[in-house]
Amino acid sequence: MEDLFLLSIIAGVMITAIVFLLHEAERVKSKLGFSLVVFGFVMMITMFLGASFYLLSPSNLSLAEAILINNFTMIAYILLVFPFIKKFKVKFEMSYISSLSVSLLAVINEILMSLTFNIACGVSNLFYFTFNSGWFFYPMMAEMLSIYLIHYIKGEFRKDLFPLIGITSFPPTLIDNAKWFYSSLAISLALSGLGVINSKGFIRGIYVALILSLLLLFKVYIIYDVVITVSMITYYFSLLSQ
């Protein structure tokens, strides 16, 4: 229980950090500011990679290697960025490429956080539980909701994206229980249908893909994992690029 409590606190801190970086990505006005946002995401990624590597085979050597991974990444980024720091003071506006980059970095962080925490909990089937556990879905849901509320307070109501928060809250693969599976499946299908009605273009295609992947859960789960991950990237990208 103590380990679970500690991991929950760490998850809360990481959720706050990711929400902060996503919000800052929308507000940066210079290339330097954007590079610092990317730096924050990259450092968290290397931290989770190092922690996962150590937890898989705890030893003094693996601890040293984990520290080296983080230090090497930090030094490499500084050497690449800071020689050009004067150029980074120019004005900057989020492009589609920069919005997609930040969205990918955010989701990669959430995947690696789930992987790390599942290793710490002693989970055996890491591939499945990395994408189908509370450590993946609920930190993601909290971040999606936080960013959505920030936009809502500013008067931006995206009814095409809102159902994705609910879908993330009720993943059928979360618990190996028939009642949970069928009830969350019904909720997710209903929310996906609502999303189809209230969206258009690529986002509507995401909802259609979600419906198909949910129905395919009776046979295979990996398609659902792929679609839900793409939908999360699309969620962040849509908000950052608007």
Only residues that are closer than 14 Å to Leu7 by Cβ, under 16 Å from the mean Cα position of the chain (by Cα) and not in a helix (DSSP H, G or I): list them for region 110-162, please. Ser133
Which members of region 105-129 meet the condition of being within 15 Å of Ile228 (Cβ to Cβ) and open to solvent by 10 Å² or more (accessible area, probe 1.4 Å)? Ile108, Ile111, Phe127, Tyr128, Phe129
What do you reckon, is Ile206 in contact (Cβ under 8 Å) with a residue 12 or more places away in the chain and under 13 Å from the mean Cα position of the chain (by Cα)? no
Just give me the residues in region 7-30 being hydroxyl-bearing (Ser, Thr, Tyr) and free of Cβ contacts under 8 Å to residues at least 24 places away in the same chain, in sequence order. Ser8, Thr16
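Residues are listed down the side, and each one gets a yes or a no for (1) open to solvent by less than 70 Å² (accessible area, probe 1.4 Å); (2) free of Cβ contacts under 8 Å to residues at least 40 places away in the same chain:
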residue	(1), (2)
Phe136	yes, yes
His151	yes, no
Phe157	no, yes
Thr168	yes, no
Phe181	yes, yes
Ser184	yes, yes
Gly193	yes, yes
Have a look at Ser238, Ser213, Ser188 and point out the one that is open to solvent by less than 20 Å² (accessible area, probe 1.4 Å), at pLDDT 95 or above and touching a Leu at 6+ places or on another chain (Cβ under 8 Å). Ser188
Tell me, which helices (runs of 4 or more DSSP H) lie completely within region 1-99 with 2 or more residues that are closer than 14 Å to Glu110 by Cα and at pLDDT 75 or above? 2-27, 31-56
For Tyr221, state whether it is farther than 28 Å from Val13 by Cβ, touching a residue at least 60 places away in the same chain (Cβ under 8 Å), open to solvent by 40 Å² or more (accessible area, probe 1.4 Å) and not polar (S, T, N, Q). yes
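The values are calculated or read from the model by the stated rules, or taken from the named source; none is laboratory data. Every value quoted in this text rests on a predicted model; they were computed, and no experiment measured them. Don't worry about glycine lacking a Cβ; one is built from the backbone with ideal geometry, like all the others, and counts go over all protein chains shown. What goes into the accessible areas is simple: the full protein's heavy atoms, side chains included, and nothing from ligands, DNA or RNA. Shrake-Rupley method; radii C 1.70, N 1.55, O 1.52, S 1.80 Å.
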